[in-house]
Amino acid sequence: MDKQEPMNRRNFLREGLWGACLAGAGTAVGLSVARGNSDNMVWQIDPYKCIACGNCATYCVLEDSAVKCVQAYAMCGYCDLCTGYLIPEPKALDTGAENELCPTGAIKRTYVEDPYYEYTIDESLCNGCGKCVKGCTVFGNGSLFLQVRHDRCKNCNECAIAAACPSQAFKRVPADRPYLLKGADNK
Amino acid sequence: MSGRAGGGWIVAVLVAAAIGAAVAAVLRLDTTGRTGSGLSEAYEYDVSRLAKIDPNLVLYVESGPLIHTGMNQSRSIALDGAGRIYVAGDRAIRVFDAAGKAERMISLPGEPQCLDVADDGRLFIGMKDHVEVLDAQGKTIASWDSLGEEALLTSIASHGDAVLVADAGHRIVLRFDAAGTLVDHIGEKDADRDIPGFSVPSPHFDLAVSRDGLLRVADPGRNRIDTFTLDGNLEFWWGERSVGIKGFCGCCNPVSFALLPDGGFVTAEKGLVRVKIYNSDGAFVGVVAGSDQFAGGKQIKVCETPEECQGIALDVAAGPDGRIYVLDPPDNTIKVFRKKGAST
Amino acid sequence: MIQESERIQVWRRAARSTAIVGGVFTGIFVALLIANLIGSAILGPSRENKLAAMKLQVQKDPTNQTLLSEVRQLDLKIRRDRIWRLDFAHKAAHMLLASVVVLLVAGKIAYDLGKVPPRPGHATDRGEIQVKEAKRARWAVAGGLAMLAAGMTLVGMSGSVEFAQAEEAGPPFASMEERLMQWPRFRGPGGAGVSAYTNIPTSWNGKTGENILWKSPVPMSGRNSPVVWKDRIFLTGADPNVRQVYCYDAKSGQLLWKGDVPTVSAAAKLEIMEDTGYAACTAATDGRRIYAIFPTGDVAAFDFNGRRLWHKNLGVPDSSYGYASSLETYEKLVLVQYDQGDGTEGKSKVIALDGVTGRVAWEAKRTLPNSWATPVVVQVEGKPQLITLADPNMVAYSPATGEEIWRAECLGGDLAPSPIYAGGLVMAIQPYSQLVAVKPTGQGDVTKTHVAWKMEEGGPDICSPVSDGTYVYLLESADLLICCRVETGEKIYEQEIKGDFRASPSLVGDKLYVLDMKGMMRIFQAGLEFKELGKCELGEECFASPAFADGRIYIRGAANLYCIGQAQ
Amino acid sequence: MTFLIAFLGSCPVTQGEIRFPPPEFESGYTFPQTTSPAPQSVLQEYIDAAVLVVGLLLASHLILKRRSRRAIFVLMIGALLYFGFVRDGCICPIGAIQNVTLTAFDRGYAIPIAAAVFFVVPLIFTLFSGRVFCGAICPLGAIQDAVLIRPVAVPGWLESGLRLFAYAYLGAAVLFAATGSAFIICRYDPFVGFFRLGGNWNVLILGASLLLIGLFVGRPYCRFLCPYGVILRHLSRLSKRRVTITPSECIQCRLCEDACPFGAIREPTGNWPEGEYRIAKRRLALFLVLLPILVAGGGWGGYALKSQLARVHPRVRTAERVYLEEAGQVQGTTNVSDAFRATGQTTEVLYADATRIRGRFALGGALLGGFIGLVAGGKLLVLSIRRRRTEYEADPAGCFACGRCYKSCPKEHGRLKRIRETAAGRA
């Protein structure tokens, strides 16, 4: 480490290796960056692959999952008898707790006009369990589905829910089109 | 590198315990979803309990061959007077004889949604937004005008000179004459005539015309079957909204129905997949088959492309001999049922 | 000195008390968080289950108002509780963090202040200790390795699952012997255009129906040829928007199924010559599945019942007249000659797809321009070779791995005729100019060593040659039939036969079958002398080469598929 | 039959989902749009990268020029707060190893630029100024360094043995990333739960355990587990500049040796006992023979474990579950097998996929096993070679550039003109 150190074979090798490491690191990253496009990627659920197993509610690294249910209004039937909102055997078609499907009470039912009702998700209450998704998909139009909400998602390097997803519905999508919304026209 | 003596064993014990805890934590950590979601029963959605059917109520047995439609996407089924089976789907109509042997195939320029075979053998085919009329040989006779972008024809029936078309997109039944002229709108919301308007939350909207000229239309949002005269007067309706076996449950049921030779009804439901028989007054008679007999009983489909996920519900047709033909689109098969005890 | 140490003692005491307070708070918050966890992990679910049970009760006893209000109260309680717990956990975690920081800082200060000043040591000769330490370290490494090995053994003990069933079903493709008796691809086994059967009709008439067993309409047009496997006949058809595969029953001629092939590319971008059409490529089967490719770059596999097994878009090929190379199969691989562009962009390649899954098995890139010839798999000295043609090369690959075996630079122009292998030679046509024969036994560049001969007196531009091993016959699309000797390339005769030809000639025993565009099948005697044996008229335009089966010919006309054979 | 295709063929084909129209509301109600909050902007990642570079420059300056433990500590706490608690510990060079690996093996994967920068910048800084990243920037290192209250010296031999796990961890991480199976470094990241103040309880327990160990054992994760640390160790051997003890000024007081919690101060070598040279030579020869055996043995072991290792890949897991169900060896179905059946794919395709992935693991497992064998064999060789040191010096590989030795060095105090009788002053 003294400056007068002679340029012997050992030092020469060392210098060579040093240069090689620097060049190697540079080129490896340069190449990988050059190959990938510069689009940032974020996690999202493909709603057509989702089986609403409930893992989204518990496997997220966040205490309150970043996955929430969303409503595709354009697909919704605005049913009075909403199978995503009401249990299969409702006592009455109303907002009574005994009739609601959602265990966290995150779906709001509002009267629009006869015979239509609007259903909206209160995301602060929703835990992403997907129970309503099942109800809506099995009986109804499937307008309720799960999505990663990017105001909450930490965009982990490996999404913990993705690793636990039985149908591999999680994928990385470009950050400029971060949602895979059902019923949204791509035109 | 001299170790420190005082309290060394406490440190050793703590470190050992911590290592143990760390190893245990790593082994207990489930990163692959193996142990399930861990949510309580309240989060479960299980209709299998409701799907169970009392075997005493089942009046029909599967008979005859299981007919493979050979399609990727079967959509609709109809029978002609001779018992031949017509299936629409895959930009074609396929015809099978009564024994289920494929007879011929009629190619179509687009995707058919529904079809009806008239008494004279003509085929009325509902495309997405218009009707095609084919002669018995499969030659196109006419292609009627489009009913607009939003139109989605889901059912078609002919009676004498009248052709009735269910347009789920506009939630209305249209009456045409045989030449394709629009004669009447039936079922429009009309307080004066006590017609509430159809509630059609999803693309399932079936109709049929009985021999006596009464029009039956399923109102899936209200879980009932309405009876209209061909002039558009709402006569009466029947149908109980219930998960119970006698009623129609959930959204958009019955998705499909057909009239039996004795004037009764055979109905098909989605969600809780079941095919049932009602008499001409709408009283429950019995069950043809439950969800365990159909591929459509699968709860949620996983698909590569959205169009693969388009759920198409069962379609039913009744033969002149009282047999019931059920088209199972996810499976692309036709199942034939006959009454228990009736001769094969 | 003493004063200072007293002051330090005061500080130390203060730090220690602070650390204790921090520790107590840390303990409290940890306890609170654990209690909260237990609450939400045990109490929550038990309440939820209770609620679920009560909801069921409500259905059984719908008039019980007290039960109803209990349900509503419990529901509200659970929801409030959940939100409260989430909020609490969040706050408690922050407080815990703060108290841990206090504990750490104070503890550290207290520890440092209480530390006895270190005593400087002496450098001593510790050689012996170092030797011992190195020894211990080696044992420790061995121990670490042993632990890793033990861990791996534990993992290994978890057993493995062998997918036995998948293999029990037999190979996912038909054997070579089976293939030879079928017509599994464009121009039959090996693309030779030679029928395995000689009991082929020599007379028929499309107008009178003589020897026409059946005639069946084909929904969509296409210039591809029929492919036959036992009782199934496969065709494809397409227009700019729709691509379909058809399956006919050989007995009745009934269209058994048709399968749509989707696309992801915009078909409108394609510039395709009318003469090529949107379905020029003939399908191929490995005896288990049928594969089809379209000029949009879409490849699909169907099972024999019409179920689409997979679909893949290879990228829209850049082909000046429209992509037209047909598919070949080898064992369970689907081989696609995907030559495109002018060869400089590096887009040309030969691709092998796994027939079961549709995945790319291998890919051989080549700097050759677009070509319309169909590759053939031939057996040379018991080893398979995949022969491909593209200006200016004839290249042979190993069909299993995609390794290049040999190449010869001997061709030119827009290559449409496909190569054949007969009499130990691979023969290929350079349109309008020559017929080249190459011995396929070389390695590497064989241009100088293995080109057997060149017959440089013209050649067809579309139709592929056919050979019985002794003579090779060329059919020019205008009106010439040429016969050459395979051994030497010497031209034996050149005969004018009136007609326009798009279909390639075929050999049935000692007869040469030549189909003209008007649908007239001309039958000639194979051999040294030119002799016309007969003419059979179909009465429909024909572009596709016919397919031969046991006692039958299948001919695709412009609108119909014909089955010709002796009625029993 | 007439075919309409000829003149209707040009009609556009409706593709995609049939969009069933929503109801026509008479009351003038228009349905709301589904909300879609935007993800964090790319700018944030560029800011992170800039903070990283500035932080490393500052760290190099503080460690090599200022030589002040206090300043380094302040910077380290700052980095812990920013990269740890503010940015949730979720952009880190350790995990970026996997992104870089996946980029090399999966043509379809595009690496985020930030991940590439985070991977390479600390490497370059290490080549110039030693492990300054570990010492002052890495939040995982910082959280452990901050809790190190009562350091206990770990015997050198134990450290040599335990370090093997870091190599194995690196090898496994690369293998699973290359096969597209999992990012295990992220899965088992022990401290990210603390940075987010919540998370899976098992991960929190793992992190708490490591921190508990870290009270007594300096930076246990960095020394015995960190895969990125393995790379940095070897690069820092080559570094241009690093933490040094100035030999001409060293008074051989051994205070730095006591102060270093990571055992990174190497003492001068002594004289070997009589006869040791001959034994050492023979031992060296033995280990030279042993090395290829270890590599081959490890390779064989890794190959033999291919089906077990492949199980980390979700497709293989699915295939095994479905196979066991189809073969009647297990009862009932799981979410995984239900989801597979709902796709309508044939099991043939699934098994073919699984077999193909296992094939990749056969090679990968052999390479992993061989790598572990090579590391162990190499370690044995290095431990058998006698090296000469005449001075006390900081081991370039093991030094985390924390600066504690500066604080303890009497000469350093002199240099900084802060001579005090006692080193007990809080620095």
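Scoring C:Arg366 on the criteria (1) at pLDDT below 90; (2) farther than 26 Å from C:Arg179 by Cα leaves a single failure, condition (1).
Mind checking whether some residue in the stretch A:51-67 is in a strand (DSSP E or B), closer than 23 Å to D:Gly198 by Cβ and modelled with pLDDT of 95 or more? Let's see the steps before the verdict.
The first filter runs over the stretch A:51-67 and keeps only residues in a strand (DSSP E or B), leaving A:67.
Imposing the further condition that a residue be closer than 23 Å to D:Gly198 by Cβ reduces the set to A:67.
Those left that are additionally modelled with pLDDT of 95 or more: A:67.
Checking the stretch A:51-67: at least one residue is in a strand (DSSP E or B), closer than 23 Å to D:Gly198 by Cβ and modelled with pLDDT of 95 or more.
Inside the stretch A:38-50, residues that are hydrophobic (A, V, I, L, M, F, W, C) and at pLDDT below 90 make up a count of 1.
Picking from residues in the stretch D:218-238 that are more than 9 Å from every other protein chain (Cβ to nearest Cβ) and outside any helix (DSSP H, G or I), the one that is surrounded by the most Cβ atoms within 10 Å (Cβ to Cβ) is D:Arg219. A:Lys131 fulfils the conditions (1) surrounded by fewer than 17 Cβ atoms within 10 Å (Cβ to Cβ); (2) closer than 24 Å to B:Glu269 by Cβ; (3) basic (Lys, Arg) except for a single criterion, (1).
From C:Val155, C:Val141, which residue is exposed (fewer than 14 other Cβ atoms within 10 Å of the Cβ), under 51 Å from the mean Cα position of the chain (by Cα) and β-branched (Val, Ile, Thr)? Walk me through it before giving the result.
Working: C:Val141 fails: exposed (fewer than 14 other Cβ atoms within 10 Å of the Cβ).
Answer to the selection: C:Val155.
Of all residues in the stretch C:341-357, those satisfying the criterion of being assigned to a loop (DSSP other than H, G, I, E, B) and either crowded, with 24+ Cβ neighbours inside 10 Å or in contact with a helix residue (DSSP H, G or I) (Cβ under 8 Å, 6 or more places away or on another chain) (or both) are C:Ser348, C:Gly355, C:Val356, C:Thr357.
If only residues of the stretch B:102-134 that are acidic (Asp, Glu) and part of a strand (DSSP E or B) are counted, the one that is nearest to the chain's Cα centre (by Cα) is B:Asp116.
C:Gly499 - would you say it is of a type in the set (Gly, Ala, Ser) and in contact with an Asp or Glu (Cβ under 7 Å, 6 or more places away or on another chain)?
Answer is yes for this residue.
Once the stretch C:192-221 is narrowed to residues that are within 14 Å of chain B (Cβ to nearest Cβ) and assigned to a loop (DSSP other than H, G, I, E, B), the residue that is nearest to C:Tyr554 (Cα to Cα) is C:Val218.
Applying the selection to the stretch A:149-167, what residues are over 13 Å from D:Cys186 (Cα atoms) and free of Cβ contacts under 8 Å to residues at least 40 places away in the same chain? Residue satisfying the conditions is A:Asp151 alone.
C:Tyr432 meets all of the listed conditions (1) touching a strand residue (DSSP E or B) at 6+ places or on another chain (Cβ under 8 Å); (2) without any contact (Cβ under 8 Å) to a residue 40 or more places away in the chain; (3) in a loop (DSSP other than H, G, I, E, B) but one, namely (1). Of the residues C:Arg7, C:Arg16, the single one that is charged (D, E, K, R) and out of contact with any helix residue (DSSP H, G or I) (no Cβ under 7 Å at 6 or more places or on another chain) is C:Arg7. What number of residues in the stretch C:201-231 are surrounded by fewer than 17 Cβ atoms within 10 Å (Cβ to Cβ) and within 36 Å of the chain's Cα centre (by Cα)? Count: 3. Restricted to helices (runs of 4 or more DSSP H) entirely inside the stretch D:248-354, those with at least 3 residues that are within 11 Å of chain C (Cβ to nearest Cβ) are D:255-259, D:276-304, D:306-310, D:314-326.
Yes/no matrix, rows are residues, columns are (1) of a type outside the set (Phe, Trp, Tyr); (2) under 21 Å from C:Leu256 (Cβ atoms); (3) at pLDDT 90 or above:
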site: C:Gly509; (1), (2), (3): yes, no, yes
site: C:Tyr513; (1), (2), (3): no, no, yes
site: C:Met517; (1), (2), (3): yes, no, yes
site: C:Gln525; (1), (2), (3): yes, no, yes
site: C:Leu528; (1), (2), (3): yes, no, no
site: C:Leu533; (1), (2), (3): yes, no, yes
site: C:Glu540; (1), (2), (3): yes, no, yes
site: C:Ala559; (1), (2), (3): yes, yes, yes
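The criterion of at least 3 residues that are not small (Gly, Ala, Ser) is met by the following strands (runs of 3 or more DSSP E) wholly inside the stretch B:226-284: B:234-238, B:265-269, B:274-278.
Restricted to the stretch B:1-101, the set of strands (runs of 3 or more DSSP E) holding at least 3 residues that are farther than 30 Å from A:Leu101 by Cβ, more than 8 Å from every other protein chain (Cβ to nearest Cβ) and among the basic types (Lys, Arg) is empty. The test for being within 13 Å of chain C (Cβ to nearest Cβ), among the aromatic types (Phe, Trp, Tyr) and touching a helix residue (DSSP H, G or I) at 6+ places or on another chain (Cβ under 6 Å) does not hold for D:Phe400. Checked against the criteria, C:Thr153 counts as more than 27 Å from D:Val349 (Cα to Cα), within 14 Å of chain D (Cβ to nearest Cβ) and hydroxyl-bearing (Ser, Thr, Tyr).
Any idea how many residues of the stretch B:194-225 are outside any loop (DSSP other than H, G, I, E, B) and within 14 Å of chain A (Cβ to nearest Cβ)?
Taking the stretch B:194-225 and keeping what is outside any loop (DSSP other than H, G, I, E, B), we get B:195, B:207-209, B:215-222, B:224-225.
Now drop any that are not within 14 Å of chain A (Cβ to nearest Cβ), which leaves B:195, B:219-222, B:224.
So the answer is 6.
When D:Ser337, D:Ser307 are checked against the criterion of being crowded, with 19+ Cβ neighbours inside 10 Å and within 23 Å of C:Leu154 (Cα to Cα), D:Ser307 stands alone in meeting it.
For the stretch C:451-495, the set of residues classified as on the phi > 0 side of the Ramachandran plot and modelled with pLDDT of 90 or more consists of C:Gly469, C:Gly489, listed by residue number. Just to be sure before I move on: is D:Phe133 aromatic (Phe, Trp, Tyr), surrounded by 23 or more Cβ atoms within 10 Å (Cβ to Cβ) and touching a Pro at 6+ places or on another chain (Cβ under 7 Å) in the structure I sent? So D:Phe133 fits the description; yes.
May I ask you to verify whether D:Gly171 is of a type outside the set (Asp, Glu), free of Cβ contacts under 8 Å to residues at least 24 places away in the same chain and within 14 Å of chain C (Cβ to nearest Cβ)? Reasoning before the result, please.
Numbers: of a type outside the set (Asp, Glu): yes; free of Cβ contacts under 8 Å to residues at least 24 places away in the same chain: no; within 14 Å of chain C (Cβ to nearest Cβ): yes.
Against the criterion (of a type outside the set (Asp, Glu), free of Cβ contacts under 8 Å to residues at least 24 places away in the same chain and within 14 Å of chain C (Cβ to nearest Cβ)), D:Gly171 does not qualify.
Residues that are within 12 Å of chain B (Cβ to nearest Cβ), in contact with a strand residue (DSSP E or B) (Cβ under 6 Å, 6 or more places away or on another chain) and not in a loop (DSSP other than H, G, I, E, B): does the stretch A:147-165 have at least one? Yes, there is a match, as at least one residue in the stretch A:147-165 is within 12 Å of chain B (Cβ to nearest Cβ), in contact with a strand residue (DSSP E or B) (Cβ under 6 Å, 6 or more places away or on another chain) and not in a loop (DSSP other than H, G, I, E, B). Within the stretch D:41-99, restricting attention to residues that are polar (S, T, N, Q) and in a loop (DSSP other than H, G, I, E, B), which residue is nearest to the chain's Cα centre (by Cα)? For the stretch D:41-99, the residue satisfying everything is D:Ser41. Of all the numbered requirements in (1) within 13 Å of chain C (Cβ to nearest Cβ); (2) buried (at least 21 other Cβ atoms within 10 Å of the Cβ); (3) over 30 Å from D:Val382 (Cβ atoms), D:Ser160 misses one, and that requirement is (3).
Of all residues in the stretch C:396-421, those satisfying the criterion of being surrounded by fewer than 22 Cβ atoms within 10 Å (Cβ to Cβ) and among the β-branched types (Val, Ile, Thr) are C:Thr401, C:Ile405.
The values are calculated or read from the model by the stated rules, or taken from the named source; none is laboratory data. This one's a predicted model, so the numbers in the text were calculated from it and none came from an experiment. Glycine gets a Cβ as well: all are built from the backbone with ideal geometry, and neighbour counts include every protein chain shown.
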